[in-house]
1. Just name the residue that is nearest to I7 (Cα to Cα) out of those in segment 46-94 that are assigned to a helix (DSSP H, G or I) and not hydrophobic (A, V, I, L, M, F, W, C).
2. The conditions are (1) modelled with pLDDT of 70 or more; (2) over 30 Å from T61 (Cβ atoms), and F138 fails exactly one of them. Which is it?
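The values are calculated or read from the model by the stated rules, or taken from the named source; none is laboratory data. Because the structure is a prediction, the values reported are computed rather than measured. Note: ideal-geometry Cβ built from the backbone for every residue, glycine included; neighbour counts use all protein chains shown.
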Amino acid sequence: MASIIRIKRSSGTAKPSSLNWGEMAYVTGVGQYGGTNQYKDRIFLGDDGTNVNPVAGHYYTSMMEHTPGALNGVTNSRNSDGGIVAILDNSRKIDVWNVDNLTLDANTLSSTDTDGDIIFNPNGSGEVMVPDDTFLGFGGGANGTATAVPWNVRVLVPVLIAVTVVIPLAETLECKRVSFTAIPVT
């Protein structure tokens, strides 16, 4: 004969005040982080000190219901706060990463803050390092994908840097603080 195992359940907003060791409880509803519904949609388990600990529930699992490695465009309508969990793919990659006002997507590090600067500021005596014979492109249009003016940076001695700039005739390269204009050589 089959047995029915039941756990305490509630449709309220509070977690159980106490549970015996190994006893389980479930609070139904649409959960959120903090606020009135912070205990909804969760399963709780009592420990050996009658403490009530959240251990599972659709609140948590709904955050992981997406393709590993994909965050771009992922939504979670199950939780009122819409939270999701980043799950890496088998190459240990994720398609897009957002931190404060920065987005790292493919080969692009961009600011999500309109007219926001991106600052590379090493801590203490650290330096921003650019490997020898690396081309830095300047220009490239509004989104950085158009043809850019290449600057070849090569370190000759520890304190001297040689910079070769090739600027097509009759074009102007404008930077935030400096403007270069091509002048035909006669």
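1. First pass over segment 46-94, keeping only residues assigned to a helix (DSSP H, G or I): 58-64.
Narrowing the set further to residues that are not hydrophobic (A, V, I, L, M, F, W, C) leaves 58-62.
Working: H58: 16, Y59: 18, Y60: 19, T61: 19, S62: 21 Å.
This residue is H58.
2. Condition not satisfied by F138: (1).
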